[in-house]
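Let me begin by presenting the structure, written as structure tokens, before commenting on it.
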Amino acid sequence: MKFILNYIRKDEWSPYVAGVLLGLVGIAAVWASNSLLGASGAFENIAGMIGKAVAPAVFDNMYFNFIMPPGITVGVMLVIGIFFGGMIGAATSGTLKWGKKDSANSDEQWKRIFGAQTWKRWLIAFFGAIVLEYAAGIAGGCTSGLAISGGMLLAPAAFLFIAGMFVGGIPTALLIYGKRF
Amino acid sequence: MTNFIIALALGVFFGFSLNKAGLTKYNKIINVYRFTDMTVLKFMMTALVVSMSGLYALRGLGLITFPNVPATYIVGNLVGGIIFGFGMALSGYCPGTAAAGAGEGKLDYLIPGLFGFLVGAVIYGLTYDKVFPAISAIANYGNTTMPDLWNLSPFLTILTFALMSLLLFYLIDRVGWQRKGSEQ
């Protein structure tokens, strides 16, 4: 018992142990609610909700009416859960520093490559998020909704997506890191 | 209502596992693309082995049915993945890890991250009919799985995947198939 509690308090687990936990969560999603995990779809639900409130005419299209209906969906609840899960995880290891928590631009590796400026990190984070969300739309899901959820059902789509992630990610890392790759 | 509570609970455990695996850190994400830290791959493949074994076993026992399987349309899955990999290597997160990192109090994940995902969602939703129908029509196999598509035994498919994963873990952890980058 003490061992388990001490392990929960650790900042970083073995990826194998954390992976088993995620695998069980994936099974539980299907068993308890006949649904899959996902994250990128939730942002589309919220974007549609805001869009329809602000500019209903612009957002009155097939996508926001039928494909990804706006509103607080099960997917949105899942992402809210992920938010609190991250919070609880950090709290158990004493690394929760709300508002003062180190952003990526205080990561030693990030600093050596991009520098410590916050505006630069925020700009890249913003641009990256746009790219990620758009790409997830084309692919049919993100790391959780397609790679994990599709993979556990043995959907070929998931493995094509994972292969694509490396085909896109490796040259990007090479380009950013150059000699320091 | 019940589904909302279940989703919230699932999310909490999901986010917790992302935090404990260290995937809410910039260097964990970027370094998998440099092959200097394969945590992301170990985490994902372990999760896949566990969940695919469990799901196919439970379905075999008649305890569950599968939800809608994500659709396979080769060019779209692949091109989407390539652009996604670019975004991930650049930003050091993905939608799920950004949500978990935001919960830890990382403001760059919470503010420009959330804002960017919403902007990306708007751009996608407004260009959807010009992009998606065309790309998803190419080599579309529908909501299929590998055992169904190629008439494979699910058991042997999963066994093969599990053995491949174990071999890969062995090569990474014991044989030293992990690079030592000049930038750690």
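The values are calculated or read from the model by the stated rules, or taken from the named source; none is laboratory data. These figures come from a predicted structure and were not determined experimentally. Cβ: placed from backbone, ideal geometry, glycine included. Neighbour counts: every protein chain shown. Accessible surface is based on the protein model in full, side chains and every heavy atom, while ligands, DNA and RNA are left aside. Shrake-Rupley method; radii C 1.70, N 1.55, O 1.52, S 1.80 Å.
Side notes on the structure shown:
- Being modelled with pLDDT of 95 or more, more than 7 Å from every other protein chain (Cβ to nearest Cβ) and in a helix (DSSP H, G or I) holds for only one residue in B:THR127, B:THR157, and it is B:THR127.
- From the options A:GLY169, A:GLY164, A:GLY178, A:GLY85, residue that is open to solvent by less than 40 Å² (accessible area, probe 1.4 Å), on the phi > 0 side of the Ramachandran plot and part of a helix (DSSP H, G or I): A:GLY178
- The single condition among (1) within 7 Å of another protein chain (Cβ to nearest Cβ); (2) within 13 Å of the chain's Cα centre (by Cα); (3) not β-branched (Val, Ile, Thr) that B:PHE86 does not satisfy is (2).
- A:LYS10, sole failed condition from (1) open to solvent by 10 Å² or more (accessible area, probe 1.4 Å); (2) out of contact with any Gly (no Cβ under 7 Å at 6 or more places or on another chain); (3) in a helix (DSSP H, G or I); (4) closer than 18 Å to B:PHE43 by Cβ: (3)
- Among the candidates A:LEU132, A:LEU146, A:LEU78, A:LEU96, residue that is within 7 Å of another protein chain (Cβ to nearest Cβ) and not in a helix (DSSP H, G or I): A:LEU96
- Filter result (surrounded by fewer than 21 Cβ atoms within 10 Å (Cβ to Cβ) and hydrophobic (A, V, I, L, M, F, W, C)) within the range A:89-112: A:ALA91, A:LEU96, A:TRP98
- Scan of the range A:122-136 for residues that are in contact with a Gly (Cβ under 8 Å, 6 or more places away or on another chain) and either open to solvent by less than 30 Å² (accessible area, probe 1.4 Å) or of a type outside the set (A, V, I, L, M) (or both), ordered by number: A:ALA125, A:PHE126, A:PHE127, A:GLY128, A:ALA129, A:VAL131, A:LEU132, A:GLU133, A:TYR134, A:ALA135, A:ALA136
- Qualifying residue in the range A:113-121 (condition: without any contact (Cβ under 8 Å) to a residue 40 or more places away in the chain, within 7 Å of another protein chain (Cβ to nearest Cβ) and open to solvent by less than 60 Å² (accessible area, probe 1.4 Å)): yes
- Entirely in the range B:1-116, the helices (runs of 4 or more DSSP H) that have 2 or more residues that are open to solvent by 40 Å² or more (accessible area, probe 1.4 Å): B:2-21, B:39-60, B:74-91
- Flag for B:TYR93 being more than 7 Å from chain A (Cβ to nearest Cβ), touching a strand residue (DSSP E or B) at 6+ places or on another chain (Cβ under 6 Å) and at pLDDT 95 or above: no
- Residue-level analysis places A:GLY38 among those that are in contact (Cβ under 8 Å) with a residue 40 or more places away in the chain and assigned to a loop (DSSP other than H, G, I, E, B).
- Residue match in the range A:45-68 (condition: open to solvent by 50 Å² or more (accessible area, probe 1.4 Å), of a type in the set (Gly, Ala, Ser) and not in a loop (DSSP other than H, G, I, E, B)): yes
- All conditions but one from (1) more than 23 Å from B:PHE43 (Cα to Cα); (2) among the polar types (S, T, N, Q); (3) assigned to a loop (DSSP other than H, G, I, E, B) apply to A:ASN105; the one that does not is (3).
- Pairing residues of the range A:23-35 that are under 17 Å from B:LEU8 (Cβ atoms) with residues that are open to solvent by less than 40 Å² (accessible area, probe 1.4 Å) and of a type in the set (Ser, Thr, Tyr), at Cβ distances under 7 Å and at least 6 apart in sequence or on separate chains, gives A:VAL25/B:SER17; A:GLY26/A:SER149; A:GLY26/B:SER51; A:ALA29/A:SER35.
- Just one of the listed residues (A:ALA136, A:ALA91) is at pLDDT 90 or above and under 16 Å from the mean Cα position of the chain (by Cα), and it is A:ALA136.
- The set of residues in the range A:26-49 that are at the interface with another protein chain (Cβ under 7 Å from one of its Cβ atoms) and among the hydrophobic types (A, V, I, L, M, F, W, C) comprises A:ILE27, A:ALA28, A:ALA29, A:VAL30, A:TRP31, A:ALA32, A:LEU36, A:LEU37, A:ALA39, A:PHE43, A:ILE46, A:ALA47.
- Test: B:PHE169 is open to solvent by 10 Å² or more (accessible area, probe 1.4 Å), out of contact with any Gly (no Cβ under 7 Å at 6 or more places or on another chain), at the interface with chain A (Cβ under 8 Å from one of its Cβ atoms) and aromatic (Phe, Trp, Tyr): yes
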